[in-house]
1. Does at least one position in the range 140-160 carry a residue that is over 22 Å from Ser43 (Cα atoms), more than 15 Å from the chain's Cα centre (by Cα), modelled with pLDDT under 90 and surrounded by 12 or more Cβ atoms within 10 Å (Cβ to Cβ)?
2. Kindly indicate which of Gly163, Gly150, Gly124 is out of contact with any Gly (no Cβ under 8 Å at 6 or more places or on another chain), under 27 Å from Pro82 (Cβ atoms) and free of Cβ contacts under 8 Å to residues at least 60 places away in the same chain.
3. Can you confirm whether Val103 is touching a Ser or Thr at 6+ places or on another chain (Cβ under 9 Å) and among the β-branched types (Val, Ile, Thr)?
4. Provide a single number: the residues in the range 175-198 that are out of contact with any Asp or Glu (no Cβ under 9 Å at 6 or more places or on another chain) and free of Cβ contacts under 8 Å to residues at least 24 places away in the same chain.
5. Within the range 110-125, identify whether any single residue is surrounded by fewer than 16 Cβ atoms within 10 Å (Cβ to Cβ), more than 18 Å from Pro215 (Cβ to Cβ) and within 29 Å of the chain's Cα centre (by Cα), and answer yes or no.
6. When the range 198-230 is examined, which residues are found to be among the charged types (D, E, K, R), more than 26 Å from Asn243 (Cβ to Cβ) and loosely packed, with under 13 Cβ neighbours inside 10 Å?
7. Looking only at residues in the range 370-388 that are hydrophobic (A, V, I, L, M, F, W, C) and crowded, with 19+ Cβ neighbours inside 10 Å, which one is farthest from Glu335 (Cα to Cα)?
8. Can you pull out every residue in the range 208-217 that is among the aromatic types (Phe, Trp, Tyr) and modelled with pLDDT of 90 or more?
Amino acid sequence: MADENKNPNRYRYHFIHNTFAQFFSETLNYFKDHLHTRFRYASVTTYDKAVEYMTKKDQYGREIDTPLLPAIILNPSGEFSPSDTGKQLFRYPNLAPGLAGHVFHHIYQDNNVKVYVSFERLKGEIEIINLFESFYEYCDVRMLYLQIFGGYERPIYPLWINGFLILPEELYNYRYENDITGESYTLKWDEEGVSERLMRTTNTTEYIYPCQIKPFYKITSMSDGSTRYGGTDKLADWRLVTNIEYEIEMPVYIVLKSNYLAENIHMEIRYSGYYTDYSDEDIPVNRNIIKSHWDFGMDNTSSTDILVYPDEAEITERKDLVLNIRYFHIITEAEADSTADIFVTMPEPVIDKDMMILNSRSGKLSYGDHYTLETNGTILRLIQENVTFHEDDVLELYIYKEV
């Protein structure tokens, strides 16, 4: 449902158990199929005994009182918590939900509406119990674990989990309306792969958006739980218990932003962060420059690739340019408080410094003194030593193209 106290278009995700169930099921299938192909029985301990009995009876065509050997059983732990990277503010709907749209890719976007999902990175443990018919089979599988994981405490990323999101009904039926333009329509979720599916856990039909999640696993310990010699009424029991730590990204809340292009402009004006040398009627649309050729080089003080320009007098040619597009970047609190240089991902690569103008509160910024282009023009480096930035300041980036 929408969080009416904070944002009417923010939706908390209440069906996380479906993603957990899919995660445990596909994890079990991976170890069953790729670890030891002789496993005859596989189960997740979260099943109720009656449900498990009926499931296995249907699967094997007969009653199964005890596991068929060799067997693999996944026992998940309910003790999970945010990982170190899972404590970032944008992962929580009451802390910094607006930042999530800059981190995670949107699941729906048109000219008026953008929808994105925030994920929480969790860590937890699962226990895999392996039952065997002999000690030698125990040795085989223990060696296979070590081979697949490369020993203890080594993360592996063996598979993608085919998960899904359950869209709230009000989000699926959301209707965009613009009183000024008269535009009105419902979101075209069908074109984004959304379909209806019956959820067995809730016995309701839900709107499903498919997604893939890539967890990592690492072995923390393995123990021999075998019972040797047996007894007068029992044979020896060969058992390997493997404890595995995992980290996985779980969907936690969904945000819908309407008129997001206009919102950005409105926020810049409201917070007095809009600074420019040019009015909307007096933007430097056309430019005429004398441009020198340039080559790629290396900065003597950094291992990062930057653009190095030779002497202007070396080779020159005249270029007639026209304004192509204008972008804005709002300085965040973290960027303003930082004493180090600020690195901003460019909206599009610019490999020629003469093809752009960068403005700030201080006016037009100079290349080399105030900023540089790095990593083949995909990163804008703001030099904090020579210019001061404040929170909510707006940087204007004008990008030109050759006529």
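1. For the range 140-160, residues over 22 Å from Ser43 (Cα atoms), more than 15 Å from the chain's Cα centre (by Cα), modelled with pLDDT under 90 and surrounded by 12 or more Cβ atoms within 10 Å (Cβ to Cβ): absent.
2. Going through Gly163, Gly150, Gly124 in turn, just one is out of contact with any Gly (no Cβ under 8 Å at 6 or more places or on another chain), under 27 Å from Pro82 (Cβ atoms) and free of Cβ contacts under 8 Å to residues at least 60 places away in the same chain: Gly150.
3. yes
4. 10
5. Yes - at least one qualifying residue is present in the range 110-125.
6. Passing the criteria: only Arg200.
7. Applying the filter and picking the extreme gives Leu373.
8. Phe216, Tyr217 - these are the residues of the range 208-217 that are among the aromatic types (Phe, Trp, Tyr) and modelled with pLDDT of 90 or more.
The values are calculated or read from the model by the stated rules, or taken from the named source; none is laboratory data. Bear in mind that the values here come from a model prediction, so they are computed numbers and not experimental data. Heads up, the Cβs are rebuilt from the backbone with ideal geometry, glycines too, and the neighbour counts pull from every protein chain shown.
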